[in-house]
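A.B. asks: Before anything else, here's the structure in question.
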Amino acid sequence: MKNQFYDFTIFSIIEPSEVLKSIKGTNEKGLFILLNTENDAEQHLELLKKILGAIQYQLDQDAALYLCTNKDAFKLIDLSKKLNIQQVLSFGISPKKLGIHQHFELYQPKKINEITFLFGHQLNDIANQTTYKGALWDALQTMFLGK
């Protein structure tokens with residue numbers, strides 16, 4: 001929403017309870033995954049399962065998956081109080097949409113307040129770009145496999 005008095009976009013914030021209703025998975029290992037569903041990203045859930053398998057995680061059991069769009073915005077800090085979030089993987093969703101106002105380099109893990117974040121391209125872009133796949137794999141090894 002743009003207002004004539006502001007020179008920036010104001011986001012409508014989704015309440016944590018609404019986000020929790022839409023989450024898939026039991027989040028046993030504290031991994032919160034945001035997946036941008038624009039451009040048919042849901043078709044790449046098998047790719048996401050393979051990515052997680054490479055770090056010995058199972059999507060339904062070890063992670064909490066939230067399917068969203070670039071229009072969705074919420075405060076991750078509020079949600080982290082309700083979920084045991086230790087790591088965040090964001091595919092195609094910017095930090096601003098999570099209420100985080102810091103700069104992140106894509107595929108560079110960054111820890112803030114005991115939560116490690118990793119931001120990357122949308123899954124359909126990763127599926128089609130070898131360089132993105134390699135950068136993601138390197139970052140996941142750093143985050144989860146201690147390499």
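The values are calculated or read from the model by the stated rules, or taken from the named source; none is laboratory data. Only a predicted model underlies this, so the values are computations on that prediction, with no experimental measurement involved. Because the Cβ atoms are built from the backbone with ideal geometry, glycine has one as well, and the counts that use them run over all protein chains shown.
A.B. asks: Every residue in region 125-142 that is closer than 22 Å to residue 38 by Cα and among the charged types (D, E, K, R), please.
C.D. replies: Selection gives 125, 133.
A.B. asks: Also, I was wondering about something else. Can you tell me how many residues within region 79-88 are over 23 Å from residue 121 (Cα atoms) and surrounded by 15 or more Cβ atoms within 10 Å (Cβ to Cβ)?
C.D. replies: Here the count works out to 1.
A.B. asks: Residue under question is residue 26, and the condition is that it be under 21 Å from residue 127 (Cβ atoms) and either surrounded by 15 or more Cβ atoms within 10 Å (Cβ to Cβ) or modelled with pLDDT under 95 (or both); does it hold?
C.D. replies: No: the conditions fail for residue 26.
Table: residues versus (1) part of a loop (DSSP other than H, G, I, E, B); (2) more than 14 Å from the chain's Cα centre (by Cα).
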{"site": "43", "(1), (2)": "no, yes"}
{"site": "46", "(1), (2)": "no, yes"}
{"site": "50", "(1), (2)": "no, yes"}
{"site": "67", "(1), (2)": "no, no"}
{"site": "97", "(1), (2)": "no, no"}
{"site": "106", "(1), (2)": "yes, no"}
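A.B. asks: Quick one: count up the residues across region 36-78 that are among the aliphatic types (A, V, I, L, M), modelled with pLDDT of 90 or more and in contact with a Gly (Cβ under 9 Å, 6 or more places away or on another chain).
C.D. replies: So the answer is 4.
A.B. asks: Separate question: Scanning for something in a strand (DSSP E or B), closer than 13 Å to residue 51 by Cα and without any contact (Cβ under 8 Å) to a residue 60 or more places away in the chain, does region 127-136 turn up at least one residue?
C.D. replies: No: region 127-136 contains no residue that is in a strand (DSSP E or B), closer than 13 Å to residue 51 by Cα and without any contact (Cβ under 8 Å) to a residue 60 or more places away in the chain.
A.B. asks: Oh, and also: Can residue 31 be described as crowded, with 21+ Cβ neighbours inside 10 Å and in contact with an Asp or Glu (Cβ under 7 Å, 6 or more places away or on another chain)?
C.D. replies: Criteria met by residue 31.
A.B. asks: List pairs: first residue in region 105-126 and within 9 Å of residue 89 (Cα to Cα), second residue among the β-branched types (Val, Ile, Thr) and surrounded by 18 or more Cβ atoms within 10 Å (Cβ to Cβ) anywhere in the structure, Cβ distance under 8 angstrom, at least six positions apart or on different chains.
C.D. replies: 116/88; 117/88; 117/100; 118/88; 119/93; 120/126
A.B. asks: Could you give every pair whose Cβ atoms fall below 7 Å, whose first residue belongs to region 59-83 and is of a type in the set (S, T, N, Q), and whose second residue is modelled with pLDDT under 85 and in a loop (DSSP other than H, G, I, E, B), counting only separations of at least 6 or pairs across chains?
C.D. replies: From residues that are of a type in the set (S, T, N, Q), the pairs are 69/37; 69/38; 70/38.
A.B. asks: A further question on this structure: Against the condition free of Cβ contacts under 8 Å to residues at least 24 places away in the same chain, on the phi > 0 side of the Ramachandran plot and not aliphatic (A, V, I, L, M), how does residue 146 come out, does it pass?
C.D. replies: Here the answer is yes, as residue 146 does meet what is asked.
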